[in-house]
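Worksheet: the structure to be examined is printed underneath.
The values are calculated or read from the model by the stated rules, or taken from the named source; none is laboratory data. Just so it is clear, the structure is predicted and the values come from calculations on it, not from any experiment. Counting neighbours? That spans all protein chains shown, and the Cβs are built from the backbone with ideal geometry, glycine included. Protein only, heavy atoms only, side chains kept; ligands, DNA and RNA dropped before computing areas. Shrake-Rupley method; radii C 1.70, N 1.55, O 1.52, S 1.80 Å.
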Amino acid sequence: MKRQKDKNSAIFFIPSHMILLLLLTLLLNPILPGFHPDPSIVAVGSDYYTVNSSFHYFPGVPIYHSTDLEHWEQIGNVLNRPSQLPLNGAMNSWLGIYAPTLRYNDGTFYMITTNVGNGGNFMVTATNPAGPWSEPIWLEQQGIDPSLYFEGGRCYMVSNPDGVITLCEIDPATGATLSPSKPLWRGTGGRYPEGPHIYKKDGWYYLLISEGGTELAHKLTIARSRKIYGPYKAFEGNPIFTHCSDAAHKNQVQGTGHADFFQKDDGSWWTVFLAYRRYGGDFHHLGRETFLAPVTWEKGWPVINGGKPVDANPGPAVSKAYSFEEAGFGPEWMHILHPVEGNYLVKDGRLILRGNGCGLESQDKSPTAVLRRQERAVCTMETELELLEDGEAGLCLYQIFCGHAGIYLRRNGGSMSATVRYRIRNLEHEAAAMTLDCEKARLRIRGYDDHYDFEIFRTDGWQKLATLDAPLLSTEVVGGFTGITTGPLCIEGSAAFEYFRYEEC
Ligand code: 6LW
């Protein structure tokens with residue numbers, strides 16, 4: 001009998017490392033594709049919430065919910081009132097909202113972040129993560145990437161003033177500093193020690209950080225201490241995770257770093273982190289994205305993804321048709337800086353945009369544009385628009401003020417034309433121009449792995465007007481901390497958009 005039992009258990013026994021390997025092949029990644037950098041996560045029972053940085057976009061800090069870590073729904077934006085998100089002079093995507101941290105303590109959600117250029121570190125609170133969130137509570141300790149750690153009725157804040165991970169105790173209700181700021185760790189010598197988080201496990205305080213900068217050399221390192229104020233001792237096996245390695249340098253996924261650990265309610269440890277997918281060589285244009293991996297512990301130190309590189313394994317293609325039948329926009333829509341309210345109207349099933357003379361190169365005024373993230377390289381963006389008066393409007397791709405492209409209709413007196421224009425750093429280029437005999441046209445941009453096609457619908461079908469290499473709009477070429485966003489834009493005059501379709505393939 002015993003022998004029989006042993007035999008059976010031999011058949012059904014699957015070693016834990018095999019389960020981990022199986023799990024790794026099943027994980028969809030990125031979990032939040034496209035412009036979703038600097039993720040932070042909190043688990044409340046079996047509800048998971050994530051947030052991301054948003055830079056000069058309004059509204060800011062998108063918040064997502066999931067119950068299975070696979071399907072994510074955007075439930076809002078944490079900073080959705082101008083009073084929470086001053087963006088004065090935030091003229092490019094290196095300014096505005098940097099890495100946020102999301103935490104939950106005693107019935108309250110906390111989101112702490114930095115508004116670079118407009119006040120520095122602050123936090124907001126809510127009892128419902130979908131909002132409303134409070135007005136900003138401004139904080140004294142500076143340095144980017146603030147994080148919170150709650151224990152025993154106390155609240156601690158870490159951030160990286162002067163490139164040193166520094167800790168102080170704060171009053172979570174008022175933000176007042178309750179203890180002097182104490183430097184904890186400079187990391188292992190990589191540039192930009194940042195993205196700190198503190199976790200407690202088995203009586204150790206773990207200080208997880210990123211080093212190397214958010215590009216190819218990005219890595220995660222860790223130190224621990226028995227006391228929250230230190231001294232912290234670095235793990236000898238650092239870095240605990242990087243794709244800047246012989247094993248991973250050919251992987252499409254690069255720039256891995258900026259992680260936040262969490263525990264599922266079954267006690268297992270996991271992490272979200274940022275990385276990007278390369279297209280057309282060593283370039284990424286979709287932005288830094290949110291990835292997920294399991295964390296296991298060996299001899300008191302964390303092992304991410306079983307010690308293996310993380311592969312891209314994207315989820316199913318998403319399509320969204322916006323018909324403008326309903327007033328208002330979903331939480332995925334964003335503006336560059338604060339929108340001028342009167343320039344946006346949804347009426348009779350059409351989106352009416354009024355231009356203010358500002359194109360995407362503007363560094364002070366908000367162009368009249370409604371944008372959403374491009375989350376897959378291969379996709380189609382399509383609209384139909386009518387110019388209601390002299391001016392210019394169309395469909396655009398936006399990375400930064402010096403990196404954008406679009407297909408536009410122009411009306412000038414009696415003459416109508418369609419143009420495709422690019423701005424790549426200081427190079428402005430009109431790639432195509434075509435005279436039209438109508439005030440209305442269907443325009444589309446088709447994205448592929450390494451290029452975009454700009455097309456107009458003619459009586460005999462779609463006609464390609466121009467092509468642009470996608471790497472020209474990448475972070476490596478035009479800069480910034482974001483990723484491509486896309487949507488309708490009106491530069492001058494006013495235009496009515498019948499629909500906007502975003503279809504991934
Ligand atoms: C962010 C920092 C980083 O605050 O880039 O990749 C900065 N990590 O932690 C901007 O996203």
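Brief remarks on what is shown
- Sparse-neighbourhood loop sites, GluC sites (Glu not before Pro) in region 318-356 - DSSP loop, at most 14 other Cβ within 10 angstrom: E325, E326
- Pairs spanning more than 19 Å between alpha-carbon atoms, out of K182/K233; K264/K308; K320/K440; K200/K233; K365/K440: K264/K308; K320/K440; K365/K440.
- Pairwise FRET efficiency - W94 versus F150, Cβ, R0 = 25 Å, nearest 0.05: 0.20
- Computed log₁₀ I(q)/I(0) - Debye formula, equal Cα scatterers, no solvent, region 319-504, q 0.12, 0.14, 0.15 Å⁻¹: -0.50, -0.70, -0.82
- Accessible surface ranking that places the most exposed of K464, K200 first, with a 1.4 angstrom probe: K464, K200
- Contact order normalised by residue count of region 16-307, Cα under 8 Å, 6+ apart, percent: 15 percent
- Positive-end ranking of Y499, P86, G280 along the dipole of the chain, with charges on Cβ about the Cα centre, is headed by G280.
- Positive-end residue of N77, H197, G143, charge dipole of the chain with Cβ unit charges: H197
- Take every pair of alpha-carbon atoms less than 8 Å apart whose residues are at least six positions apart; their mean separation over the length of the chain yields a relative contact order of 14 percent.
- For the chain, the residue among H338, C155, I484 whose Cα projects farthest onto the positive side of the dipole built from Cβ charges is C155.
- Full extension of the chain between L178 and E439 gives 87.6 nm of extra length, using 0.36 nm per residue less the Cα-Cα distance.
- Element breakdown for the chain at a 1.4 angstrom probe: carbon and sulfur atoms account for 52% of the accessible area.
- Inter-probe distance in nm under a simple model that places probes 7 Å from Cα toward Cβ, at A321 and R458: 2.6 nm
- Radius of gyration, Dmax [region 83-156; alpha carbons; angstrom]: 12.7, 42
- Heavy-atom surface of region 319-504, accessible at 1.4 Å and reported per residue (Å²): 39 Å²
- Seen from every direction in turn and averaged, the convex hull around the alpha carbons of the chain projects onto 27.0 nm².
- Computed about its Cα centre, the charge dipole of region 319-504 is approximately 100 debye, with only Lys, Arg, Asp and Glu carrying charge at their Cβ.
- Largest to smallest accessible area among H338, H36 [probe 1.4 Å]: H338, H36
- Computed over protein heavy atoms with a 1.4 Å probe, the accessible surface of region 16-307 works out to 37 Å² per residue.
- Each Lys and Arg adds +1 at its Cβ and each Asp and Glu adds -1 at its Cβ; summed about the Cα centre, the chain shows a dipole of about 1620 debye.
- Within region 260-403: Cβ-based charge dipole about Cα centre, in debye rounded to nearest 20 (Lys, Arg +1; Asp, Glu -1): 600 debye
- Each label was represented as a point 7 Å from its Cα along the Cα-to-Cβ direction; for W301 and R501 these points are 5.3 nm apart.
- Anchor K227: aspartates and glutamates whose Cα lies under 16 Å away (excluding residues fewer than 8 positions away in-chain): E151, E169, D202
- Tilt relative to the chain, helix 16-26 - C-alpha long axis, 0 to 90 degrees, to 10: 0 degrees
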